[in-house]
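Student: Structure incoming, see below.
The values are calculated or read from the model by the stated rules, or taken from the named source; none is laboratory data. A quick note: this is a predicted structure, and the numbers were derived from the prediction, not measured. Cβ placement follows ideal geometry from the backbone for every residue including glycine, while neighbour counts extend to all protein chains displayed.
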Amino acid sequence: MSTLTVPISARSIIYPDSDGKPMAENTLQYDWIVKITGGLRRVFGDDPKVFVAGDLFWYPVEGRPDIRIAPDVLVVFGRPPGHRMSYRQWEEEGIAPQVVFEVLSPSNRVGEMSSKFDFYRRHGVEEYYIYDPDPNTIELSGFIRQKDDLVEIQTMHGHVSPRLKVTFESGADGLQLIGPDGRRFGTFEEVAQAEEQARRFAADQQRRAQEAEQRAEQERDRAEQERNRAEQERNRADRLQAELDQLRRDATG
């Protein structure tokens, strides 16, 4: 019996959507991944040509499911937002993510991070940011593309991302990311709290405006009443003057 050998290129290639590992190893790392992803989605929420994702497999080469990486956060300019099981570059007009973030956890090793750096450098990432949120080792570093290499940014405090227009500030309290609109990135709870505060402030301002309008209306009513009283007094005075004039005429007549 003869057998038919199917070429590898013709076989159905599977591109896994998960490696079975959790997105984060601890709540601090998870909060930062969500904070950065959510903040960037807010910044680019109205842009139909920016895709932002967290913990999504990126496959840069068709037919090579072994060549892959899952950045903690990736941003792609030139591609629409929406849901994807993975980012397959050849299905996205060949556009590679331009910006990636990695949020470190205690298990990250030098060799692993070196491998990620080489992957991002080799596959066209323009900006690469690494943040270690551990309170004992808070550290922020960034790299920006120069020709075929990723070169370290010497000073991250005050750095403005060329692509994102997001400002990085680092201090004793850790990293602060500030959007182009001046709003700081926050956790879900922080954003919800800020929105509630903004809602209360708006409601308070509306109440104050309504009270001011009511006071102004009352003042207008009082002013109108004063004008009416003054008009009545003028009319009464005119009548009295007319009566006096008439009396004088009668007396001299």
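Student: Are any of the residues in the range 106-115 over 23 Å from the mean Cα position of the chain (by Cα) and closer than 15 Å to I67 by Cα?
Tutor: yes
Student: Let me confirm something: among V99, V125, V151, V103, which residue is surrounded by 14 or more Cβ atoms within 10 Å (Cβ to Cβ), farther than 20 Å from I67 by Cα and not charged (D, E, K, R)?
Tutor: V103
Student: Inspect all residues belonging to the range 51-60 and state whether any of them is farther than 24 Å from I14 by Cα, touching a residue at least 24 places away in the same chain (Cβ under 8 Å) and out of contact with any Asp or Glu (no Cβ under 6 Å at 6 or more places or on another chain).
Tutor: Checked the range 51-60: no residue is farther than 24 Å from I14 by Cα, touching a residue at least 24 places away in the same chain (Cβ under 8 Å) and out of contact with any Asp or Glu (no Cβ under 6 Å at 6 or more places or on another chain).
Student: How many residues, within the range 56-96, are surrounded by 14 or more Cβ atoms within 10 Å (Cβ to Cβ) and outside any loop (DSSP other than H, G, I, E, B)?
Tutor: Residues that pass the stated criteria total 11.
Student: Of the residues in the range 77-94, how many are closer than 13 Å to Y59 by Cβ and more than 22 Å from the chain's Cα centre (by Cα)?
Tutor: 8
Student: Please enumerate the residues belonging to the range 76-93 that are of a type in the set (A, V, I, L, M, F, W, C) and within 20 Å of P48 (Cβ to Cβ).
Tutor: V76, F77
Student: What are the pairs with Cβ atoms under 6 angstrom where one residue, in the range 65-81, is among the acidic types (D, E) and the other, located anywhere, is in a strand (DSSP E or B)? Sequence gap at least six, or different chains.
Tutor: From the range 65-81, the pairs are D72/F101; D72/E102; D72/V103.
Student: Given the residues A192, A203, which is the only one that is more than 19 Å from G54 (Cβ to Cβ), outside the structural domain of D72 (by TED's automatic domain parsing), at pLDDT below 95 and surrounded by 10 or more Cβ atoms within 10 Å (Cβ to Cβ)?
Tutor: A203
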